[in-house]
Structures are given as structure tokens and as C-alpha cells.
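Data block below; observations after.
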């Protein structure tokens, strides 16, 4: 797995924290994808390549799907997201209030 692939879920978490950090706000995978592309995401990636990352965030308890239309998925967060600094890997991380306090960085997984 490339370094960028391991960072994509953390990048998605950051975008959600910065732009959609309200449990009543809905957002789409397309919106997140466009923001990531504008911030330097690999041009070879497509919206279809992002599906496993959004599924992972759902499985981890950060987001919940509320609708889908072809490749566009609408989501809401379960609860407000908080920013932390992982003392183990020194990364900025973003966790929902209901998520376990574990670093989402796949190479770390330290307790927060």
C-alpha cells in the first residue's frame, strides 16, 4: 500500500473536520474528492477508488451513509469531530466523539 493510500482516510477526516463538522450537515463523497484533488491528491485516482476509504470511515463509526445516486454517496457524521495530536506518531488526527480513542493512522494505532 502506498504512503498516500495510508494517508487518504486521515485526509478525508481532516476535510470533514474542517468543512462538515456538524452532525446535521450532509456532504457527498464527490465534494470530499474534489477538495482532496484540489489539495494534491494523485490525479490517477477516481471517485470509484475512494469507495473503500469511505466504507472504512463508516465501519470505524465516523460517518453514516444517508443516500446514494450512482457513484455519489451522501453522508452525515455521527457526532462532532475533535482534533488531536497523536503523541506516538506525531500526526494530527480527527476523531468523532463516539469513536474509540485510537489513532486512525494505520501505521500507528496508538491509544490517544
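What follows is calculated from the coordinates using simple rules that are stated; it is not laboratory data. Keep in mind it's a predicted model, so treat the numbers as computed, not measured. All Cβ positions, even for glycine, are placed from backbone atoms using ideal geometry, and neighbour counts span all protein chains on display.
Observations on the structure shown:
- In nm, spacing of pseudo-spin labels at residue 111 and residue 98 (7 Å Cα→C-beta vector): 2.4
- Averaging over all projection directions, the Cα-based convex hull of the chain occupies 6.6 nm² in the image plane.
- Residues listed by number, the stretch 59-85, amide nitrogen under 20 Å from residue 7 label point at 7 Å toward C-beta: 83-85
- Mean ellipticity per residue at 222 nm, deg cm²/dmol - from DSSP H runs of n ≥ 4 across the chain, formula -39500 (n - 2.57): -11500 deg cm²/dmol
- Fewest neighbouring Cβ atoms within 10 Å first, the residues 44, 88 line up as 44, 88.
- Gain upon complete extension [residue 21, residue 49; 0.36 nm per residue less C-alpha separation]: 7.7 nm
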